[in-house]
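Remarks on the structure that follows.
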Amino acid sequence: MSPILTLGALALYLLFLLALGFYAEKKIKSKKSFLFGGIFYSLSFAVYCTTWTFYGSIGNASNFGMLFATIYLGPTLGALLWAPVLKRIIRIKNNYHITSIIDFVCARYNKSVAIGVVLAVTVVVGFIPYNALQFKSIMATTGLILSSSPDLMPYHNLIELIILGMIAVFVILFGLKRLESTERHPGMIAVLVVESVTKLFMALAGGFFIVYVLSDGVQHLVQSLPQLVSSDKYLYFGETNFKDTFNFISWMILASSAVLFLPRQFHVAVIENSDEKHVAKAQWIFPLYLLLINLFVLPVAIYGLKMGGTAGQAESLLLDLPLKHGEKLLALGIYLGGFSAAIGMITVSIMTISTMVTNHLLLPLSDCSTGLRFLRGRILESRWLVAILTIAASYLYQKFIGSGTALVSMGMISFVVAFQFLPPILFGLFWSKANTKGALVGIVLGCSLWAYTLFVPAFFAGANSPDWIIQGPFGFSLLRPQALFGVVGLSEIAHSFLWTTLFNTGGILLGSLFFKTSAVEKNHTEEFLNFSRNIPFQSHQILGNAEIDVEFKSKLILQLLVQYFDEKKAKEFLDTCLLESRITTPLITIGQLADLNFIVERNLSGTIGSAAAHFAVRQAQLINQKEEKDLSAMYAHMLSTLRVSPLDFKKKVDFQIQKANNFKHQRDELERLLNLRLKEVEKMQEQLVQSSKMSALGEMAGGVAHEINSPLAVIQMTLEQMQIRIKKGNMEDAWALNATNRLIGVTQRIASIIKGMRLFSRSEQKPPFEPRNLSEIFEDTLAFCREKFKHQAIDLKVIVKADLVVECRDVQLSQVILNLLNNASDAIQGKPSPWIEIEAQEAGESIEISITDCGEGIPTEIANKIMQPFFTTKGVGKGVGLGLSISKGIVEDHGGQIFVDMTSKNTRFVVQIPKIQKKMIA
Amino acid sequence: MNFSEIKAAFQRLFSAIEFRIFVFILFVGVFIYPFFGFKNLVDPWQVYSYFIFAWLTLIGLLFLMSLVDDNSEDTGQFDP
């Protein structure tokens, strides 16, 4: 493969990523963008899969068999606990404007600067080797490509420098462009997602080529394993013993914590999260990604062993084999996949390291030394400088120190560092008694033991180890770094995991029980845990009289802010804080001041971290000593008025919160049941309406039959006459034409009756409202009852203008009219000269339809009940008493009303419905 | 018992941290079982298939959990 072509392809790929990043930064502003959706969120987790996965896993599998999979099984198992843990962390991030994992730990432990400093130092020391691992991989694979072209070898260093420069540009452009670290970075996420897809695709393509093109498939390779390796390199070592099992479990647990607590993972999982609902999607998409990217790792490693390669050579198998077999395009793709894996990790890692170092090392230093105060106004530039220095340090580390160390040990060393975050975070989230001093003891012990048992010995790996490492300091064999307290036989990683876990966890637990928690810290912890349980910020607005000058306090805030931002940005920042505190008056209460203090500190945390922000706001004395005393006195007064101790008060508040939550759950459950019942009732109502309709139709059946019978008689008679004329041979054209016209007319009449019946009986529940001519509706309805009325000698009068239009559901309106006509005809049976009048007229914005019969009205006591369901005055078997109540429901659905006109001397029902229906607003 | 009631029951089960910890421990056991169950390994393919199947099962379970994820307010108290 031509190196020029490879480098050209690399340059094109980088330019594409740059363009994509720029596009995403510029165009994607909305939080609802697909880029902030669940699938992209899940794919951004794949920054976990670095070159250590892409190339290193094969070497790891070649060395340790199935042990390699623990790095990916761990996160899959860990995903089980994401819902209760990660969601809480995300809620706290949103409330405190957390910028990094160290910031999160500081925020929990009373904004402790000391904890921030210890963790920042450990992270820098622990993660430079991990970044170096990525550089090593990039440089090694680039070297492999260049080795085929001796002409380019002199430019090797220059090419490496160009790649380094590109990485620095990526970090600064997409990760460190804004001062506000807690904001999401659409450009970086877009690039990460593309890189994740590229590396997955190329890992699968490369694996498929080796397993299915060069070999006979997975099964064949796996089954050939016993002939290749000794029993201790079997899939599961072949020997059952506690130490191997412990190694396996410890690697899994380390990986399950690393997927959230490596600083870069915390960044993509927490800081870049736009909606906690996405966690549910990521909890299965990301494990599936891990399974897929590792699908061919073990078979490829076995293939490497089969070919007689060593574990070290196995790391480059994925690239080496396609190259050797002349698959240049595939090799190019794999090179770009590996490059993607490295650059994705480096970008996020360097970005988070530079933010943590600036916020938790440089800014606290600037608080201690007046000579370094200038750093406060140069935060962004400081981050850029730290990023460039970290890149340079990582590069130099791999060049001069790490070149002899296997990739795998470098990665696992960093995993053990990440694990030191786990105890303080879990205790912090789930144990309210965990305090700052306890956490500091645990973290210091854990980090120190990590350095002692793992990091320092790793420096001397492969070289002549000093005596104190082999024999223990001052000859104390119990203090040997790699066999501490006489524990031997475990791998270095499992050994360090054991002791750091015990000391870190034990330190926090015992330290928190031993050291007393201050009242201030207790309050802070309570607030922190409330946020984790989704209990919103408790405003203090109502406390005190409005006597504090907002203008004066605003000046104090501005004086603080201009140390970090330019004047314009500082003023905008202040306005935002005032707006969020809902301060609109020139004088505020002490409670409002407390809210403002909290919001300024929280918003400033988004830029400089919670510990530095807390320190800065305290220094600014936004709440002076007198106001602090006033606030305390006010709380004390409240408690004494309520006659409770602070502890009892807290218990009562907790009880009320719990009660409120219980009520909420019960309300939700009741709502759910109510909705279920409502749906059932609606369904029953619909069935009832339909059966009532059919019942009304049934009552008219006799009339309808007669209505059809008359035209049938006409048809029969006409046909008989035609038959006679045909037989006689005197069928005249004019007569025949006249007869057929008559036949067509009567058959149309029958068809219209049947059509009306079909329409009337259809069970469409809520058709749309449509403009309909009222006289047509009357005609359709009367078609069912004309004959019945004729039979009963009822004189029917219809008064309606031909052009009267109403927006309605025609079948339903027809049902109402039919019900009223039925009732009228039943009521006037046996009366002399019975008559019914149906009339429609305009009444302003409504249409009024009245149905009057010759009855003498309805008595008041019956009129009040007439619209109730199951109320009937008809005899047994003649009606169920639903007609009017259903009619009332239909008319009300139309936004109208139905009533008995008590002023009329005859029985008169009135239906009023609006001419035009109001439009429903969605 | 209708679908929504079954869903609500699974929602309660899957959102219980105790259940999730139980599944975590269970699958740690599943993955280290070959240390004990396949001591005299004769067929590596059997072990490999077991392993991949267990991994897929776990992912399937995570998928099911995500389907009924309720995002309700998590008010669990675990303070000793």
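Laid out as a table, the results:
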{"item": "Those residues of the range A:118-151 which are exposed (fewer than 14 other Cβ atoms within 10 Å of the Cβ) and either part of a helix (DSSP H, G or I) or touching a residue at least 60 places away in the same chain (Cβ under 8 Å) (or both), in sequence order", "result": "A:Gly143, A:Ser148, A:Pro150, A:Asp151"}
{"item": "Residue, farthest from the other protein chains (Cβ to nearest Cβ), within the range B:6-54, restricted to residues that are modelled with pLDDT under 80 and either loosely packed, with under 12 Cβ neighbours inside 10 Å or in contact with a Ser or Thr (Cβ under 6 Å, 6 or more places away or on another chain) (or both)", "result": "B:Ile6"}
{"item": "Selection count where residues are within 8 Å of chain B (Cβ to nearest Cβ) and at pLDDT 75 or above, scope the range A:229-261", "result": "5"}
{"item": "Scope the range A:414-448; condition over 27 Å from A:Arg533 (Cα atoms), of a type outside the set (Gly, Ala, Ser) and crowded, with 23+ Cβ neighbours inside 10 Å; matching residues", "result": "A:Phe415, A:Val416, A:Val417, A:Cys447"}
{"item": "Filtered residues of the range B:55-75 (kept if modelled with pLDDT under 85 and at the interface with chain A (Cβ under 7 Å from one of its Cβ atoms))", "result": "B:Asp69, B:Asn71, B:Glu73, B:Asp74, B:Thr75"}
{"item": "Residue match in the range A:152-174 (condition: surrounded by 15 or more Cβ atoms within 10 Å (Cβ to Cβ) and assigned to a loop (DSSP other than H, G, I, E, B))", "result": "no"}
{"item": "Test: residue in the range A:648-660 that is of a type in the set (S, T, N, Q) and more than 30 Å from B:Lys7 (Cβ to Cβ)", "result": "yes"}
{"item": "Selection from the range A:175-189 of residues that are at pLDDT 80 or above, assigned to a helix (DSSP H, G or I) and closer than 24 Å to A:Phe54 by Cβ", "result": "A:Gly187, A:Met188, A:Ile189"}
{"item": "Scan of the range A:320-360 for residues that are surrounded by fewer than 18 Cβ atoms within 10 Å (Cβ to Cβ) and of a type outside the set (Gly, Ala, Ser), ordered by number", "result": "A:Lys324, A:His325, A:Lys328, A:Leu329"}
{"item": "Meets criteria (farther than 25 Å from A:Glu195 by Cβ, surrounded by 22 or more Cβ atoms within 10 Å (Cβ to Cβ) and over 19 Å from the mean Cα position of the chain (by Cα)) for A:Gly65", "result": "yes"}
{"item": "Among residues of the range A:1-55, those that are of a type in the set (Lys, Arg) and either more than 30 Å from A:Ala280 (Cα to Cα) or modelled with pLDDT of 85 or more (or both), counted", "result": "0"}
{"item": "Of all residues making up the range A:842-859, the number that are in a strand (DSSP E or B), under 57 Å from the mean Cα position of the chain (by Cα) and not small (Gly, Ala, Ser)", "result": "4"}
{"item": "Condition check for A:Ile557: modelled with pLDDT under 85, of a type in the set (Val, Ile, Thr) and either within 24 Å of A:Ile98 (Cα to Cα) or in contact with a Cys (Cβ under 7 Å, 6 or more places away or on another chain) (or both)", "result": "no"}
{"item": "Helices (runs of 4 or more DSSP H) completely within the range A:247-311 that count 1 or more residues being touching a residue at least 40 places away in the same chain (Cβ under 8 Å) and closer than 23 Å to B:Tyr48 by Cβ", "result": "A:278-293, A:297-306"}
{"item": "Filtered residues of the range A:161-193 (kept if touching a Leu at 6+ places or on another chain (Cβ under 6 Å) and within 20 Å of A:Gly333 (Cα to Cα))", "result": "A:Met166, A:Ala190, A:Val191, A:Val193"}
{"item": "Subset of the range A:637-652 (residues that are assigned to a helix (DSSP H, G or I) and surrounded by 12 or more Cβ atoms within 10 Å (Cβ to Cβ))", "result": "A:Met638, A:Leu639, A:Pro646, A:Asp648, A:Phe649, A:Lys650, A:Lys651, A:Lys652"}
{"item": "Options A:Ser610, A:Ser554; residue that is in contact (Cβ under 8 Å) with a residue 24 or more places away in the chain, among the small types (Gly, Ala, Ser), away from every other protein chain (no Cβ under 14 Å) and closer than 27 Å to A:His267 by Cα", "result": "A:Ser610"}
{"item": "Flag for A:Gly879 being more than 26 Å from A:Val806 (Cα to Cα) and either among the β-branched types (Val, Ile, Thr) or at pLDDT below 80 (or both)", "result": "yes"}
{"item": "Residues of the range A:480-521 satisfying the condition of being in contact with a His (Cβ under 8 Å, 6 or more places away or on another chain) and aliphatic (A, V, I, L, M)", "result": "A:Ala483, A:Leu484, A:Val487"}
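The values are calculated or read from the model by the stated rules, or taken from the named source; none is laboratory data. Because the structure is predicted, anything quoted here is derived from the model rather than measured. Virtual Cβ from ideal backbone geometry, glycine too; neighbours counted across all protein chains shown.
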